[in-house]
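The values are calculated or read from the model by the stated rules, or taken from the named source; none is laboratory data. No experiment lies behind these values; they were computed from the predicted model shown. Note that we place each Cβ from the backbone using ideal geometry, even for glycine, and neighbour counts take in every protein chain shown. Areas reflect the complete protein model, heavy atoms only, side chains present, ligands, DNA and RNA absent. Shrake-Rupley method; radii C 1.70, N 1.55, O 1.52, S 1.80 Å.
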Amino acid sequence: MLVGLLAWVIPASSAGLEWSVAPGLGGLRERGKWCYLVVQVESSEEACQAEIVVRNSTRLVYRHPIEVPRGSEQRHFVYFMPESPECEVSLEVGGQPAGPPRVATLQRARWWGFVGLVEVGTPTRVDLALEGDSASPIAGLAERVYVRSDWKDLPADPAGYDAVQVMFLSNVDRSVDVSFGQAAALRAWVETGGCLMVFLGREGFVAEGPIRDLLDAAHLTVSGSMTFGGFTALRGGFSPVESGETLRIARIRAPEGSALWQNEGVTLSAVAPLGWGRIGICALHPGQLGGTPEETGWSWKPIFRLVGLHRAEATRPGEPEHSRPASRSSLPDHFGSLLIPGEVALPLSMGWIIIYLAAYLAVLGPFQAWLIRHGKSFAFCAAVFLASVFFFVALAGVIVSWKKGDEVWLREVGLVSLSEKGAARGILYTSFFVPRSGRVQLRFGPEVLVGPMDSLDWGLGWTRGIFGEQPREWIGRYLPEETLAEIRVQQWNGHVLASRFWHVPPRLAGVSPLPEGLLPKLRRTHWITSNGICELGEADLETISPAPAGKKVLPAETFLKGLRPYRSGEDHSEREIEDVLLGLCLGEPRHVPDVDVLDVVASGRSVLVGFTECPRLHGELSITPSHVLRVCLVRRIVETRSVERGR
């Protein structure tokens, strides 16, 4: 089913505005990740202040103020965290709607275990290649996650790529039309974990622009071209749509070991790492060839495999024969108890229910039987029973307050990834426990996106059986100078917020590439290479030096034995949370892409991991927490250093 958009353009005569809305990147969405809408506004009368309002699932509201100059045409990218596929979008001027609302439908939800693939430009027919092999573990992917977009709709903030794992680009000549913000967002996404594949066109070269800059950063260049007819082997396996003499094929120059496809001594495709992500280039575009991939006699699946749709499991440092667990997950999905602040306490715990039943059978049951035998009415016996239940519920509340205290508990677990070229992505999961229901106001700094996560569906479902699905209300207002939000919280329930930022370094001499607000001093620092793990203690992100000579290097298995393993359902101290995060860096007990470093280490590079603080991600709450626990893991790719393995 194609992405639906139930929207139309209706003039708003009161403000002289016409506007329309469309889903960004084909409407690809994933729960717990950001997506965006493209809103186009045209003004024919006086300048005005307006607000784009996105309502999702009737309980989540995102407000984005904008300025509309007179006689202007603007395109705005509105970012939000979706909970349901339908979004009601309205444009308000002075608090009044400028015309009826539009409904944008996001029908391309990403399911667990699948890969979000976006294609921009001429179709590569990847959907045909994926559907052709029913035995493939990615069979049927095209139906669920394959979406198309346009160059002009690429996001101007890396948040727009949050649900995207792989992107195919073609018609590279159009990249010169993208804005500086769109180009910077694309590069930041690749350097912080995205996979980008560039298919060249019939001209056989890459024009100057942001895509060429990306390829140059990964040392993937084009050195001349040849006609299709010059490749004897290709002529036997492919049938070009156009004349073979006019179709030119680029000669690709790539780093050693990155060539993916070579023919008659010429490199036709290569994939190279760039930060935490990868970028590839292919001299032939499948859309230039006639027939399906099966008919051409050659499958494009090796390209899809190396760019990220198929990925071999990386081995742990120092243990070439030992593969990491193949499962992939998110941190809240399988490690939800890390986010629960303080000891888990329910208003009616199972232990006290058992004690109450035992007491009722031993005391209250015989007592009520005695009352009935002595002629007491049924209403009187029912009142005694209800009074005993009320007493137990009140006692349970006292027990909860005794365990948790009549105070606010707060826990923050942060993950910051830095590429060797300075791009950064930060994620902070903020959870809090409140003794009473009410509303909480939050304030965050500029360029920080924050949204609520459905804790009942993210490994924190310890209240589902008692309370059922709790309604959540969220109002977020994203101003240029700050981000404001308000959330309605429930008593005895865990509430999780996810705040994120992306950092695009200035890449100027003498300017620190580190994001503002990230403290450079690291503690419990470890240097991870293909040889093993070396503990450094303290380190400075601004003055990274090689691992000191003589430091003991441990294989992964030995290092993991010294860490406290993750135990679900238990409260965790700061040290224990740090141990769990260090284990996740090595894929134990699961592979969490936002923490795992094995893919980078397997490519011959080194990673520095440690713990620090990132005030930029922290928000100000209208409630004052009495118990605060903060942990922030930083992982940074550094130059490869050879360290001597110890015993």
Requested in this report: Among what's in the stretch 204-248 and is of a type in the set (A, V, I, L, M) and more than 27 Å from L154 (Cα to Cα), pick the residue that is modelled with the highest pLDDT.
Outcome: M226
Requested in this report: Examine the stretch 563-575 for a residue that is over 22 Å from A423 (Cβ atoms), at pLDDT 90 or above and either under 21 Å from the mean Cα position of the chain (by Cα) or open to solvent by less than 40 Å² (accessible area, probe 1.4 Å) (or both), and state whether such a residue exists.
Outcome: yes
Requested in this report: Only residues that are among the hydroxyl-bearing types (S, T, Y) and within 13 Å of V38 (Cα to Cα): list them for the stretch 52-80, please.
Outcome: Y79
Report task. Can you work out which of the residues in the stretch 42-54 that are β-branched (V, I, T) and surrounded by 21 or more Cβ atoms within 10 Å (Cβ to Cβ) is farthest from P97 (Cα to Cα)? Result -> V54
Query raised in the report: Of the conditions (1) closer than 17 Å to V504 by Cβ; (2) without any contact (Cβ under 8 Å) to a residue 60 or more places away in the chain; (3) surrounded by fewer than 20 Cβ atoms within 10 Å (Cβ to Cβ), A207 fails just one. Which one is it?
Result: (1)
**Report entry** Members of the stretch 362-411 that are at pLDDT below 80 and among the polar types (S, T, N, Q)
**Finding:** Q368, S388, S401
Query raised in the report: Got a sec? Which of R590, R605, R635 is basic (K, R), at pLDDT 85 or above and open to solvent by 60 Å² or more (accessible area, probe 1.4 Å)?
Result: R590
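Picking from L584, L598, L554, which residue would you name as being modelled with pLDDT of 85 or more, closer than 20 Å to E538 by Cα and crowded, with 21+ Cβ neighbours inside 10 Å?
Every option except L554 fails the conditions.
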Report summary line: Expected output for the stretch 253-279 (first residue within 27 Å of L598 (Cα to Cα), partner assigned to a strand (DSSP E or B) and of a type in the set (K, R), Cβ below 8 Å, 6+ apart or cross-chain) is V271/R278; A272/R278
Query raised in the report: Which pairs have Cβ atoms under 7 Å, sit 6 or more apart or on different chains, and link a residue in the stretch 555-580 that is more than 28 Å from S530 (Cα to Cα) and in contact (Cβ under 8 Å) with a residue 12 or more places away in the chain to one that is open to solvent by less than 40 Å² (accessible area, probe 1.4 Å) and in a loop (DSSP other than H, G, I, E, B)?
Result: D571/G342
Report summary line: Those strands (runs of 3 or more DSSP E) completely within the stretch 415-500 that have 1 or more residues that are modelled with pLDDT under 90 and open to solvent by 50 Å² or more (accessible area, probe 1.4 Å) are 438-444, 473-478, 483-489
**Report entry** Given (1) surrounded by fewer than 18 Cβ atoms within 10 Å (Cβ to Cβ); (2) touching a Cys at 6+ places or on another chain (Cβ under 8 Å), index of the condition R29 fails
**Finding:** (1)
Report summary line: Note on L214: of the conditions (1) part of a helix (DSSP H, G or I); (2) within 19 Å of the chain's Cα centre (by Cα), unmet is (2)
Query raised in the report: Quick one: which of L274, L260, L309 is hydrophobic (A, V, I, L, M, F, W, C), at pLDDT below 50 and open to solvent by less than 50 Å² (accessible area, probe 1.4 Å)?
Result: L309
Query - Unmet criterion (only one of (1) polar (S, T, N, Q); (2) touching a Leu at 6+ places or on another chain (Cβ under 7 Å); (3) at pLDDT below 90) for T624 - result: (2)
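Can you give me the number of residues within the stretch 32-41 that are open to solvent by less than 30 Å² (accessible area, probe 1.4 Å) and closer than 19 Å to A498 by Cα?
Summing the residues that are open to solvent by less than 30 Å² (accessible area, probe 1.4 Å) and closer than 19 Å to A498 by Cα in the stretch 32-41 gives 4.
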